[in-house]
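First up is the structure itself, then whatever we jot down about it.
The values are calculated or read from the model by the stated rules, or taken from the named source; none is laboratory data. All of these numbers come straight from a predicted model, not from anything done at the bench. Here the Cβ positions follow ideal geometry from the backbone for every residue, glycine too, while neighbour counts run over all protein chains shown. We work out accessible area using only protein heavy atoms, side chains counted, and drop any ligands, DNA or RNA first. Shrake-Rupley method; radii C 1.70, N 1.55, O 1.52, S 1.80 Å.
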Amino acid sequence: MSPGLARSFSKDSSVKDHRFRPGTIRRVLGFARPYRALITVFLSLVLADALVGAAVPLLYRGIIDQGIAEGDRELVIRLAGGVAALAVVSALVGLVQRWCSARIGEGLIYDLRSQVFDHVQRMPIGFFSRAQTGALVTRLNSDVQGAQQAFTSVLSNVVGNAAVVATTLGAMFVLSWRLTLLSLCLLPLFVFPARFVGRRLADITRERYRLNGEMGQMMTERFNVSGALVVKLFGRPDEESVAFSERAGRVRDIGVTQAMYSRVFMTSLGLIAALAGALVYGLGGLMAVSGTLGIGTLVALAAYLNRLYGPLTSLSNVQVDVMTTLVSFERVLEVLDLEPAIADADDPTPIPAGPVAVELDGVTFRYPTAAEVSLASLEGVFVLDDKEPETVLHGIDLRVEPGHTLALVGPSGAGKSTIVGLVSRLYDPIDGSVRIGGVDLRDSTLQSVRDAVGVVAQDVHLFHDTLATNLRYAKPDATDEQLVDALKAAQVWEVVSRMPEGLATVVGDRGYRMSGGEKQRIAIARLLLKDPAVVVLDEATAHLDATSEVAVQKALEELLSGRTSIVIAHRLSTIRNADEIAVIDAGLVVERGTHDELVQADGLYAQLSRTQFAIADSEIAEALVDVEEVLDAVAADADADADDDDAVIVSTR
């Protein structure tokens, strides 16, 4: 009995009740179309292997009844040679069969993974903000591997087992229909234990998957830099270890239970097979003694019996095997069927090169519902919330002239980041249009927009790779000299040049080996390499200390020179020199003008300005008081030291 039989019965039998969407089977077969020739060869080899296996017991029969019984040495040698030849043929067939299976299976995995990855890459940012990362990874790994089994292990098992059962039963009926019927009557003794143990195996397998998922999620959260930092800062590594040990201990216990159930399952099937063999040998032996059955025939029947019960028992669970693979396929197709909310135009218009104007004309926008951009299974819920979110932008009209800078200011949640998200076409407006260089972004391609617009965000993401690789993400063919020039322009080359590995320095997970200011300047260097016509800065100097902010501001001057730019900043001091400032509040443009004009207007901008500069003046005053106190303390210490040591104080003029 094969251990794979235990795995088959450990699958969830409730999958049989699953109802697939219309056309699923047709689409599954469509994935197999490129491998039709290989699948045909593969199935032919499966059938050939079954026929070879069925022929061997007949040779045993001939060796005993015609060769040994009649003393024909030559026949014995020929038939024994035939057994050896069939063994060689079976081995060769098995090797070629395995090669075909691997080519089909790995090819399907490659096709499915490539399609899913490419499709997910084209999904809008709203999809990633809602979907669980672990669920997406599972679709690319476990579900894809489960889907490919439809054309490898499941297909070969179904066809192979059916062929083995058909050839074996046919040969057994020819040899002795009485013993064959008796053998079939024993089949329930195999199926019932398999179903009984299989249900329990399925239960503990589900729990093991659940616990492994929880452990995986826990490790993912605790082993990244942010999670590890929280654990350390709150001093809870012991509690985390205990929680993880409890889950790991439960998985250990389940593993032991699963191993024992599997062993009991295989042992019981082996025992029943041995009892069935004993029964056949007993009754067949009596028939041989009475002369109604040849000894060779009895040996052949016993050999066939060993080939019969395993495939028959496996075929009794074939529906679960097939449905399980189809469920994996459907989960993969579910992702592929989710259409990207943003697509290229059928007849796209390229965005012109050089300095270009950016226009928002009557733009109204709300964020998409969960049903529009996500899947319930990827969010860990049964039903997606289809409630329409509130409108966040109301008829926005803005224009940035070529080479000019527009600053967006306003309270948090006013809609500033939403506006720059529309300019970089992370979303499309529900009404109105966004144009760059006079081209409506919906009439162009995403690649054209990405080439024209560059973004430096508040939270810079660097991949866990070398600094050079992160920079070349913007320009893959950039030379080292170009990288150095960009780093110099971004005011960060001095930092990089002091690193032992230089451009080959691995920046760590999300760039955590570098400070916030260094990451911001590297992001600016990356954008300089990209050389976009439009630059968007979304809080690029937020949360930086004074020294880092000065360095970043110098880098930004280089970046914005000659480019159309849109800048979001809460620190009004960083955007005072913008060509125009637009004040956004509750999704509306409530004020527009230069810094001086808006201050004189005494509106929301003036209020924000007074608040910020009042806070700044207070902080400066407090800092001056602190400095004065420090100087007084130093002077007092110096006077005390002078008195104690009778020091001579020399004044120079």
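Looking at the stretch 372-387, can you tell me whether even one residue there is closer than 24 Å to Arg571 by Cα and either open to solvent by less than 20 Å² (accessible area, probe 1.4 Å) or modelled with pLDDT of 90 or more (or both)? Quick ask: steps written out before the conclusion?
Filtering the stretch 372-387 down to residues closer than 24 Å to Arg571 by Cα leaves none.
No, that holds for no residue.
State all residues of the stretch 129-160 that are touching a Leu at 6+ places or on another chain (Cβ under 8 Å) and surrounded by fewer than 20 Cβ atoms within 10 Å (Cβ to Cβ); if no residue qualifies, say none.
Residues satisfying the conditions are Arg130, Gln132, Ala135, Leu136, Val158, Val159.
Could you tell me whether any residue of the stretch 96-117 is under 30 Å from Val423 (Cβ atoms) and not hydroxyl-bearing (Ser, Thr, Tyr)? Before you say what the answer is, go through the steps one by one.
Of the stretch 96-117, the ones under 30 Å from Val423 (Cβ atoms) are 116-117.
Subset that is not hydroxyl-bearing (Ser, Thr, Tyr): 116-117.
Yes: one or more hits.
Assess whether Arg36 counts as being part of a helix (DSSP H, G or I), at pLDDT 70 or above and open to solvent by 50 Å² or more (accessible area, probe 1.4 Å). Reasoning before the result, please.
Numbers: part of a helix (DSSP H, G or I): yes; at pLDDT 70 or above: yes; open to solvent by 50 Å² or more (accessible area, probe 1.4 Å): yes.
Here the answer is yes, as Arg36 does meet what is asked.
Test of understanding: among Val264, Val280, Val251, Val299, which residue is assigned to a helix (DSSP H, G or I) and within 32 Å of the chain's Cα centre (by Cα)?
On the way: Val264 fails: within 32 Å of the chain's Cα centre (by Cα); Val280 fails: within 32 Å of the chain's Cα centre (by Cα); Val299 fails: within 32 Å of the chain's Cα centre (by Cα).
Testing whether each residue is assigned to a helix (DSSP H, G or I) and within 32 Å of the chain's Cα centre (by Cα) leaves just Val251.
Taking the stretch 492-521 as the region of interest, how many residues are under 18 Å from Val455 (Cα atoms) and open to solvent by 10 Å² or more (accessible area, probe 1.4 Å)? Give the derivation first.
First, the residues of the stretch 492-521 that are under 18 Å from Val455 (Cα atoms): 510-511, 516-521.
Those left that are additionally open to solvent by 10 Å² or more (accessible area, probe 1.4 Å): 510, 516, 518-519, 521.
Going through the stretch 492-521 one residue at a time, the tally reaches 5.
Take Ser2 and decide whether it is modelled with pLDDT under 90, of a type in the set (Ser, Thr, Tyr) and in contact with a Lys or Arg (Cβ under 8 Å, 6 or more places away or on another chain). Break it down into steps so the answer makes sense when it comes.
Details: modelled with pLDDT under 90: yes; of a type in the set (Ser, Thr, Tyr): yes; in contact with a Lys or Arg (Cβ under 8 Å, 6 or more places away or on another chain): no.
No: the conditions fail for Ser2.
Just a yes or no: is a residue in the stretch 303-320 of a type outside the set (D, E, K, R), farther than 29 Å from Arg26 by Cβ, more than 38 Å from the chain's Cα centre (by Cα) and open to solvent by 60 Å² or more (accessible area, probe 1.4 Å)?
Within the stretch 303-320, one or more residues are of a type outside the set (D, E, K, R), farther than 29 Å from Arg26 by Cβ, more than 38 Å from the chain's Cα centre (by Cα) and open to solvent by 60 Å² or more (accessible area, probe 1.4 Å).
Identify all residues within the stretch 221-252 that are aromatic (Phe, Trp, Tyr) and either exposed (fewer than 14 other Cβ atoms within 10 Å of the Cβ) or within 30 Å of Leu182 (Cα to Cα) (or both); write none if there are none.
If we filter the stretch 221-252 for residues that are aromatic (Phe, Trp, Tyr), which is where we start, we get 223, 234, 244.
Correct list: Phe223, Phe234.
How about the stretch 112-128: which of its residues are open to solvent by 40 Å² or more (accessible area, probe 1.4 Å) and of a type outside the set (Ser, Thr, Tyr)? Before the answer, list the steps.
First pass over the stretch 112-128, keeping only residues open to solvent by 40 Å² or more (accessible area, probe 1.4 Å): 113-115, 117-118, 121-122, 125, 128.
Answer for the stretch 112-128, where residues must be open to solvent by 40 Å² or more (accessible area, probe 1.4 Å) and of a type outside the set (Ser, Thr, Tyr): Arg113, Gln115, Phe117, Asp118, Gln121, Arg122, Ile125, Phe128.
Please pick out the residue among Gly284, Gly255, Gly270 that is among the small types (Gly, Ala, Ser), surrounded by 13 or more Cβ atoms within 10 Å (Cβ to Cβ) and out of contact with any Pro (no Cβ under 9 Å at 6 or more places or on another chain). So that I can check it myself, show each step before the final result.
On the way: Gly255 fails: surrounded by 13 or more Cβ atoms within 10 Å (Cβ to Cβ); Gly270 fails: surrounded by 13 or more Cβ atoms within 10 Å (Cβ to Cβ).
Going through Gly284, Gly255, Gly270 in turn, just one is among the small types (Gly, Ala, Ser), surrounded by 13 or more Cβ atoms within 10 Å (Cβ to Cβ) and out of contact with any Pro (no Cβ under 9 Å at 6 or more places or on another chain): Gly284.
Which of (1) surrounded by fewer than 20 Cβ atoms within 10 Å (Cβ to Cβ); (2) of a type in the set (D, E, K, R); (3) under 14 Å from Ile584 (Cβ atoms) is the odd one out, the single condition Lys416 does not satisfy?
(1)
Do we find a residue being buried (at least 22 other Cβ atoms within 10 Å of the Cβ) and among the basic types (Lys, Arg) anywhere in the stretch 522-533?
yes
With respect to the numbered conditions (1) among the acidic types (Asp, Glu); (2) crowded, with 17+ Cβ neighbours inside 10 Å; (3) without any contact (Cβ under 8 Å) to a residue 12 or more places away in the chain, which one is the sole condition not fulfilled by Asp65?
(3)
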